[in-house]
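What follows is a short report on a single structure.
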Amino acid sequence: MKKKSFILFLSLTVLALGLIIMPAVAAEKADTQSVTKEKSCYRLIPQEVYSGPPGKPPSPDNKHPVCKVLLENLNEFCNEDPPNMVCEFKIHPRYRNQLSVPKWKKLNIYKNLDRIEAMIRTPLEIQAVTAKNKSFQDKVWQEYYADLKKGLENGTATLHEANIDLCNLGKAYEVLRAEHGKCTGKRIILDPNDDPRVAAFEYQQSWVDVDYDASALRQLIDPSMFKMGTMKDVFFFQGETFSYKWYRNQLWILKPFKDREANGNFNTKEICWFEYIRN
């Protein structure tokens, strides 16, 4: 009899503990879900395919593994102001084995202005379409230098270099990163007459140019090729190089490559677009 009473007592005790613990577990799970939902400040923009006359291009399919990893990393920094990757690319410790940025070495920009000029001029001097147009080459550099000069005068201009595989060629070359202007991350309304709640805007960023230095460009470009302008900032994911830029509240990820189907021209492929949904 005593044994049966003891078993009954244990059963009632377990039942009572279950009634206490289960709501607590459910509440904890709900809290976790709430936190997860609260932490989502970026979303991947779903792919859209446009048909009909030429116009807006199709958006990327988001299938590359970098899209998922980068989304998770971005959502670790939802309390950042400005948003992550506007002025600085922050990487959460959880993703440092997959994401990284170049180890840039700072140079004395005043002593290396000739290297920046060569970076801008060299493609124009080699490409057949611009090689004989000296006045055009001068104009491009003069316009670039006019903006760079402001940075030299206000102390925001910097120059760095790194030896990296910028365009995923399977070989590293010397690459320069020139920057001028101050990145505040402030939202700039494009039309002051618009309602700020729905107005188109862009983030106030510094101007960044990343490209091969002149010696590398001379090895990689020939007269028959066409090289588009410089890139913005870059990062690495699992041995590949990616560039990124902001378009209003959208972060675009691109992969540089040499397009064998287009005469070996240097190009970029859009990999994924993110939207910052906490403004």
Problem - Selected residue (only one of ASN75, ASN62 is at pLDDT below 90, in the same structural domain as GLN238 (by TED's automatic domain parsing) and within 15 Å of LEU251 (Cα to Cα)) - result: ASN62
Practice task
For residues that are part of a helix (DSSP H, G or I) and surrounded by fewer than 16 Cβ atoms within 10 Å (Cβ to Cβ), tally how many sit in segment 105-114.
Solution key: 3
Practice task
Evaluate the following for LEU124: is it modelled with pLDDT under 95, closer than 22 Å to TRP207 by Cβ and of a type outside the set (S, T, N, Q)?
Solution key: yes
Problem - Residues within segment 115-141 that are over 28 Å from the mean Cα position of the chain (by Cα) and assigned to a helix (DSSP H, G or I), tallied - result: 8
Handout entry: Pairs with Cβ under 9 Å, 6+ apart, first in segment 153-169 and free of Cβ contacts under 8 Å to residues at least 24 places away in the same chain and surrounded by 18 or more Cβ atoms within 10 Å (Cβ to Cβ), second assigned to a loop (DSSP other than H, G, I, E, B) and among the acidic types (Asp, Glu)
Key = none
Practice task
Could you tell me whether ILE253 is at pLDDT 85 or above, of a type in the set (Val, Ile, Thr), outside any loop (DSSP other than H, G, I, E, B) and more than 30 Å from GLU125 (Cα to Cα)?
Solution key: no
Completion exercise
Out of (1) closer than 18 Å to ALA128 by Cβ; (2) more than 20 Å from the chain's Cα centre (by Cα), the one SER215 does not meet is (1)
Practice task
Restrict the check to segment 22-30 and report whether at least one residue is outside any loop (DSSP other than H, G, I, E, B), modelled with pLDDT of 50 or more and farther than 30 Å from GLU161 by Cα.
Solution key: no
Handout entry: Residue under evaluation ARG96, criteria (1) among the basic types (Lys, Arg); (2) surrounded by fewer than 16 Cβ atoms within 10 Å (Cβ to Cβ); (3) touching a helix residue (DSSP H, G or I) at 6+ places or on another chain (Cβ under 8 Å), criterion not met
Key = (3)
Fill in the blank from the handout: Of the residues in segment 73-96, those that are of a type in the set (D, E, K, R) and within 15 Å of the chain's Cα centre (by Cα) number 2
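Report whether or not TRP273 is touching a residue at least 40 places away in the same chain (Cβ under 8 Å) and touching a Pro at 6+ places or on another chain (Cβ under 8 Å).
yes
The values are calculated or read from the model by the stated rules, or taken from the named source; none is laboratory data. The structure displayed is predicted, hence computed values, not measured ones. Note that we place each Cβ from the backbone using ideal geometry, even for glycine, and neighbour counts take in every protein chain shown.
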